[in-house]
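FYI, it's all coordinate maths here, none of it is from the lab. For clarity, every value in this text was computed on a predicted model and none was experimentally measured. With ideal geometry, Cβ positions are generated from the backbone for all residues, glycine too; neighbour counts draw on all protein chains shown.
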Amino acid sequence: MSNLSCARFQIKLEFGRLPSGKIMNAVLLHDDHECSGFEVDIKLPTKLKLVVSGKDMNSDTILDDDGKVIEDLYVKIVKVSLDGIDLDDLFLCKKIKLVTNDGDRSGAYLGFNGHVDFVVDQPTVFQQIMQWRSVA
């Protein structure tokens, strides 16, 4: 029988790039150590943190004459999976919280400097997936 408290956490990101080529920085941390990419083997329960930085809020969002955003520097979470089980769009919209200096923002579009905490507090992969999928 496999160990249901061990899993592979994976996150897939999309980066918004400015014409200059500038992109935001993104780093995944597990146990306060930087991961070599955006996937890591974990033992439940644990915590992970995605830190996004490098955006100048005064110059890295380009607006048209009407004030609409036409270009933006951002990181977008396009997929989160635990042991190969993908979480749905409802999770990405409702359970992702970007913590910034100006408050929290919900959703997978990370257009500000800050961090997202992934709290993996259940003892097994199945229980964790069920908790994350129960969006109240």
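On the principal axes of its alpha-carbon atoms, the chain has extents of 60, 32, 24 Å, going from largest to smallest. Ordering VAL69, VAL99 from the fewest to the most neighbouring beta carbons within 10 Å gives VAL69, VAL99.
Which listed residue (TYR74, THR100, ILE129) has the Cα farthest towards the positive end of the charge dipole for region 17-136, taking +1 on Lys and Arg C-beta and -1 on Asp and Glu C-beta about the Cα centre? Final value for the positive-end residue is ILE129.
Mean residue ellipticity at 222 nm, helices only, the chain: -3000 deg cm²/dmol; runs of at least 4 DSSP H residues each add -39,500 (n - 2.57), and the sum is divided by the number of residues. Net charge in the neighbourhood of ILE77 (other residues with Cβ under 9 Å of its Cβ; Lys, Arg +1, Asp, Glu -1) is +2.
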